[in-house]
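Down below is the structure, laid out as structure tokens.
The values are calculated or read from the model by the stated rules, or taken from the named source; none is laboratory data. All values reported here derive from a predicted model rather than from experimental measurement. Positions of Cβ are generated from backbone atoms using ideal geometry, with glycine treated the same way; all protein chains shown enter the neighbour counts. All accessible areas refer to the heavy atoms of the entire protein, side chains included, with ligands and DNA or RNA removed. Shrake-Rupley method; radii C 1.70, N 1.55, O 1.52, S 1.80 Å.
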Amino acid sequence: MNSYTRIPLTELGSGELESYDTQVILNDDFQDTHGRRFSYLRLSITDVCNFRCDYCLPDGYQCLDKTEPLSLEEIRQLAQTFAAHGTRKIRITGGEPVLRKDLPDIIAALKQTPGIETVALTTNGYKINQHIDSWKAAGLDQLNVSIDSLDPKVFQTITGHDRLQEILTGIDRAFELGFKDVKVNAVLLKSHNANELNSFLNWIKTTPVTLRFIELMETGQNPDYFAKNHLSGEQIKQQLLANGWQQKIRNKDAGPAQEFDHPDYRGSIGLIMPYSKDFCSSCNRLRITALGKLHLCLFGEQGYDLRHLMAEGKQAELETAIQGLLRDKKATHFLHDGQTGAIQHFAQIGG
Ligand code: SAM
Ligand code: SF4
């Protein structure tokens, strides 16, 4: 690791640039009553995780429900249903998706679904080196790896695993295999990585990843942790702008991240700031849990069971049910009022 000067995240300018491309919209695309369409599905394939990230599963995974996760066939059916109604990108998430032995088969099934253009995976990077060739062969298009600190000790403190170097090696392998636009997710945490901006910037000077700083979000289980650790991404935004980073123009379907680049850096930066104004207006995503529940919002009050509609002969019912449920999608979350919804932690839904 290069040596670096630590500067606090809490320094910095302003400026914002946004424009929208046009996109093709078909009448039978899934849509809500606020005019939003859903080109992006986040699909959790397990809620099991082997890490103990202190903002997510500080006591490790606890099995509260022995119901089997979605089968490969159910996943295939969901993908076909969503693709037929406008979904173009599916992200596989968890828990830790790599813990499912049939992950390459799931990737392949999604990739072979007519209409699905992009299959993405979010992983904690566990044994990435061992698996990444098979993911690539199965058709994986995009890789997101979560790395909350580039200091091995801090990484271990956060996750309970001394695996940082192994994960960084796995990212190098991803580049060798030709993955483009590898993203690294780092949750901003006051007590762990608040002084690591320079370290991350140093890394992306020569490493062509999109580094995405995610504001810590409050969940049912972490209110005290949230109160102690939440850091606004706005401080980083101002710091970047003051140091020559330029905010990128966003496509209409780009999702809620604000992105920045700099001519001297091979990597770029994304900021995900769910507490910022208008965060929900660009919402283009729906979520399905590993047990087949549709969540209209990460912070919604409930998930809606779709599994009983996945039986043979019920396809039309499944589609009608999803269209109907979308009428309940709220314009925004209510996080500012401390309403975190039904989810106790993100491993339950996949973030
Ligand atoms: N286990 C995989 C991983 O960590 O990448 C996939 C699932 S994890 C729930 C997906 C993303 O959610 C990770 O980048 C993680 O850091 C993020 N996350 C988890 N809990 C969070 C929270 N309370 N606030 C913000 N991000 C969170
Ligand atoms: Fe596991 Fe991901 Fe949650 Fe960490 S953030 S505990 S790796 S599900």
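List of remarks:
- Label point distance in nm, Arg52-Ala242, each placed 7 Å from Cα along Cα→Cβ: 3.9
- For the chain, the equivalent ellipsoid derived from the alpha-carbon gyration tensor has semi-axes of 31, 23, 21 Å in decreasing order.
- Alpha-carbon centroid distance for the pair the stretch 222-281 / the stretch 128-145, whole angstrom: 26
- Each residue of the stretch 219-229 was assigned a 3J(HN,Hα) from its phi angle through the Karplus curve 6.51 cos²θ - 1.76 cosθ + 1.60 (θ = phi - 60°); the sequence is 10, x, 9, 10, x, 5, 4, 4, 4, 7, 10 Hz, with glycine and proline shown as x.
- Unpaired by the 4.7 Å Cβ criterion, cysteines found in the chain: Cys49, Cys63, Cys280, Cys283, Cys297
- Inverse of mean 1/r across different Cα pairs in the stretch 134-203, Kirkwood, Å: 13.1
- The calculated FRET efficiency for the pair Lys153 and Gln339, based on their C-beta separation and a Förster distance of 35 Å, comes to about 0.45.
- The H on the amide N of Leu189, modeled in the peptide plane, is under 5 Å from the matching H of Ala194, each at least 5 residues off or on a different chain.
- If you take the Cα centroid of the stretch 282-309 and the Cα centroid of the stretch 83-108, the two points sit 15 Å apart.
- In the stretch 59-160, taking the dipole from charged Cβ atoms about the Cα centre, the farthest positive-side position among Thr157, Asn124, Pro114 is held by Pro114.
- A simple rule links phi to the HN-Hα coupling: the Karplus curve 6.51 cos²θ - 1.76 cosθ + 1.60 with θ = phi - 60°, which for the stretch 327-332 gives 5, 8, 5, 7, 5, 8 Hz, with x for Gly and Pro.
- Taking the 1.4 Å solvent-accessible surface of the chain as the whole, the part contributed by carbon and sulfur is 48%.
- Full extension of the chain between Thr67 and Lys314 gives 86.8 nm of extra length, using 0.36 nm per residue less the Cα-Cα distance.
- Helical contribution to [θ] at 222 nm, DSSP H n ≥ 4, -39,500 (n - 2.57), averaged over the chain, rounded to 500: -8000 deg cm²/dmol
- Listed values for the stretch 275-285 are Karplus-derived 3J(HN,Hα) couplings in whole Hz (6.51 cos²θ - 1.76 cosθ + 1.60, θ = phi - 60°), namely 8, 7, 4, 6, 3, 7, 5, 9, 4, 10, 10, and x replaces Gly and Pro.
- Amide H contacts of Lys183: Leu143, Asn144, Val145, Thr210, each under 5 Å away and 5 or more positions distant or on a separate chain (H built 1.01 Å from N in the peptide plane; Pro and chain starts excluded).
- Once you divide the Cα radius of gyration of the stretch 287-347 by 2.2 N^0.38 Å, the number left is 1.23.
- Here the extension length gained between Lys330 and Lys190 equals 47.4 nm, from 0.36 nm per residue of separation less the Cα-Cα distance.
- Ordering Cys280, Trp135, Ser39 by the projection of their Cα atoms onto the charge dipole of the stretch 3-348, which places +1 on the Cβ of Lys and Arg and -1 on the Cβ of Asp and Glu, puts Trp135 at the extreme positive end.
- Across the stretch 3-348, Cα pairs under 8 Å and at least six residues apart give a relative contact order of 23 percent.
- Per residue, the chain exposes 45 Å² of accessible surface when a 1.4 Å probe is rolled over the protein heavy atoms with every protein chain present.
- Rounded to 5, percent antiparallel among DSSP beta bridges of the stretch 3-348: 25
- Order by protection proxy (mean Cβ within 10 Å, highest first), peptides 55-65, 279-289: 279-289, 55-65
- Residues of the stretch 194-233 with amide N under 13 Å of the 7 Å Cα→Cβ point at Thr118: 210
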